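This report concerns only the one structure given below.
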Amino acid sequence: MINNNLFLTLIVYFSIVCLSVVLVTISGLVYLTFIPIALSLLFTFLIIRRIDKSIKELTRIVSKASRGDFSGRYITMNDWEIEPLGLAVTDLLENISLLINDYKADRQDLKILLSNISEALWIQNKNGILIWTSHGFDELFPSYQRNTNLHYWEVILEPELLDFVKISTENPGNEVKEIKINDSYYLIKGIFNPKTDTNVFIMQNIDALKHTEQMKKNFMVNLAHELRTPLTAIKGFSEILSSTATQENMRYVNIIRNHTERLINLVSDLQTLSSMERLPDLKLQPINLSTFLENIKALYSHTLEERGLYLIISSDSDIPKISVDPFKFEQIFINLIDNALRYTLQGGIEINIVTMEKSIRIVISDTGQGIEAEHLPRIFERFYVADPSRNRSLSGTGLGLAIVKHSVLLHQGTIEVQSETGKGTCFIMNFPRYNI
């Protein structure tokens, strides 16, 4: 819709032109038309000049805004044509200015918060140059001076941390790792920001958690050590009692012996797990997997025959020898087979060995009761027994699978479990392929 004032201006201008034409027609004198034409030209010039002045003012305001200065405001000049646009630009600039002020305030609050956190936090660009660091980072690496455009490898000298940063930079992703620096433990996480093409790293000190974890381990070791002597004594005296007990009292003696044996197994598992954690070094030697597993199978021949179960071992014809710690490696299969026998009433166990491109895969499956899906994420936790109420007499100590996972990790392997209630359980392990 045309502005009313502009419409009136056009009417006036059109009237002057029409008047000029009428005068020429009536008088036939051309010179008489000079006056209205001159008036119309003057009127047109004044209008164009006023509009041009307003447009220049708007251009100046918008140009300042393009350079980041939003202080410009349009002053009304009684220019009917440009005034609505000028007022709209003024409102726009005021809103932008308010938004920017709010953004600056929030950014300043965030900067203060991040700068004063105790964690070491830093941002580096794609070339590895440090572009922002927290006070926690400056305290951990005192040689760093801000605003010096240093690369991260010029400030960080710990090899393990350097390797982590390098890997996270070359392979963007949310990487997390535990590292040790100057007798302190840190959990470091790397995050890639694709919008700014930068990498963000944060290191959280976990010394308190490590101290608590060590206290728990020490408690377990001391507990196992203190319990072994009295349990051995109880077991010995119960065996003596069994030789003189009456038929009626024999039931109670057997209960004492069974529970004592259960506690001894628990203590033994605790000591085994604690020993693995305190002495993680492996005594590697090459073994033939097929022969190794056949020897383990021989240990269960009597139990399998007695319960009418089978244990089948199958493998590829070209399985290479691998380097393992025989004792710790044996713990894996003994615990997995014990666990399978505990919940398998018919059928049996199969162990399948497959040679992969970079690893050797060992799959142990059974035809047992299976594990409900809700328990699968936690079965490798210490003392976790999946649904012990199902059959209390069959429940283990809850440490067997924890020992299995720990031993697998010591051998730089991986383990996962698949199971379905009523259809058995399958443990899948992958170990690095060491050719001898």
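The values are calculated or read from the model by the stated rules, or taken from the named source; none is laboratory data. Bear in mind the structure is a predicted one, so any value in this text is a computation, not a measurement. With ideal geometry, Cβ positions are generated from the backbone for all residues, glycine too; neighbour counts draw on all protein chains shown.
So here's what we get for this one:
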read-out	value
Segment 316-347, subset in contact with a Ser or Thr (Cβ under 9 Å, 6 or more places away or on another chain) and basic (Lys, Arg), residue nearest to residue 284 (Cα to Cα)	328
Residue 337 vs. criteria in contact (Cβ under 8 Å) with a residue 12 or more places away in the chain, farther than 30 Å from residue 215 by Cβ and in the same structural domain as residue 366 (by TED's automatic domain parsing)	yes
Selection count, segment 238-263, where residues are exposed (fewer than 12 other Cβ atoms within 10 Å of the Cβ) and among the acidic types (Asp, Glu)	1
Members of segment 403-429 that are over 23 Å from the mean Cα position of the chain (by Cα) and assigned to a strand (DSSP E or B)	418, 419, 425, 426, 427, 428, 429
Hey, residue 253 over 30 Å from residue 271 (Cβ atoms), of a type in the set (A, V, I, L, M, F, W, C) and modelled with pLDDT of 80 or more or not	no
Test: residue in segment 220-238 that is in the same structural domain as residue 135 (by TED's automatic domain parsing) and hydroxyl-bearing (Ser, Thr, Tyr)	no
Count of residues meeting criterion [of a type in the set (Lys, Arg) and touching a His at 6+ places or on another chain (Cβ under 8 Å)] in segment 97-136	0
Lone unmet requirement of (1) of a type in the set (A, V, I, L, M, F, W, C); (2) under 16 Å from residue 399 (Cα atoms); (3) not assigned by TED's automatic domain parsing to the domain that holds residue 221 for residue 273	(3)
Flag for residue 257 being under 25 Å from residue 366 (Cα atoms) and not assigned by TED's automatic domain parsing to the domain that holds residue 364	no
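A quick yes/no check of all residues on (1) within 13 Å of residue 125 (Cα to Cα); (2) in contact with a strand residue (DSSP E or B) (Cβ under 8 Å, 6 or more places away or on another chain); (3) not aromatic (Phe, Trp, Tyr); (4) not assigned by TED's automatic domain parsing to the domain that holds residue 131:
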site	(1), (2), (3), (4)
156	no, no, yes, no
162	no, no, yes, no
168	yes, yes, yes, no
180	no, yes, yes, no
192	yes, yes, no, no
195	yes, no, yes, no
